[in-house]
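For reference, the structure is listed below as C-alpha cells.
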Amino acid sequence: MKMHCWKCETEMRREEDFFHGFKIMGWKCPACKEIIYDAKDIQPILQYNKLKGSKRGLTVTVGTLGNSKIVRIPKVAEQIYRIGKGNKLRLDLEPERISIRVKA
Ligand SMILES: [Zn+2]
C-alpha cells in the first residue's frame, strides 16, 4: 500500500508515532512532516480521552473459569492496546495493586 501526502504529494512512510501518549502506527511525510492516522487507531484513544480522571480506572468483575479467576479486558482497552487472543500481558504485583503491562 502506498500513500501520498495530501499537502506536498511526497510518498509517505509507515512509522510508529505517539498520539496523546499512546504508541500507534501512522503515515508520515518525510518532506513536510505531515502525519496521517487511521481513524480506527485514534478513535478508541479519543474515546479514552473523553473519560475524566477516576473514570479512566475501569472496574471489572472477577469471574471464574474452571478453577481460575478471570477478568475481562474492557473494549476500550482492547482497542487502544490492540490486545488479541494469545497476546502476552505482564501482571506486576504490588501491595494493594495489580498493574497490567502491555507487550511484556
Ligand atoms: Zn508532505
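The values are calculated or read from the model by the stated rules, or taken from the named source; none is laboratory data. Predicted, not measured: the structure shown is a model, and the values here were computed from it. We place every Cβ from the backbone using ideal geometry, glycine too, and count neighbours over all the protein chains shown.
Restricting the first member to region 1-18 and to residues that are touching a residue at least 24 places away in the same chain (Cβ under 8 Å), and the second to residues that are outside any strand (DSSP E or B) and among the acidic types (Asp, Glu), the beta-carbon pairs closer than 9 Å and six or more apart or on different chains are CYS5/GLU34; TRP6/GLU34; LYS7/GLU34; CYS8/GLU34; MET12/GLU34. Could you go through region 34-49 and let me know if any residue there is modelled with pLDDT under 90, of a type in the set (Lys, Arg) and away from the ligand (no atom under 16 Å from the Cβ). Yes. When region 34-44 is limited to residues that are outside any loop (DSSP other than H, G, I, E, B) and of a type outside the set (S, T, N, Q), the one that is surrounded by the most Cβ atoms within 10 Å (Cβ to Cβ) turns out to be PRO44. Annotation note: of ASP41, ASP92, the sole residue that is closer than 30 Å to HIS4 by Cβ and of a type outside the set (Val, Ile, Thr) is ASP41. Checking ALA77, ALA31 one by one, the residue that is among the hydrophobic types (A, V, I, L, M, F, W, C), within 16 Å of the ligand (Cβ to nearest atom), surrounded by 10 or more Cβ atoms within 10 Å (Cβ to Cβ) and not in a strand (DSSP E or B) is ALA31 and no other.
Restricting region 6-21 to residues that are away from the ligand (no atom under 16 Å from the Cβ) and not in a strand (DSSP E or B) leaves a set whose member that is surrounded by the fewest Cβ atoms within 10 Å (Cβ to Cβ) is GLY21. Scanning region 80-102 for residues that are assigned to a loop (DSSP other than H, G, I, E, B) and either out of contact with any helix residue (DSSP H, G or I) (no Cβ under 9 Å at 6 or more places or on another chain) or surrounded by fewer than 10 Cβ atoms within 10 Å (Cβ to Cβ) (or both) returns GLY84, LYS85, GLY86, LYS88, PRO95, GLU96.
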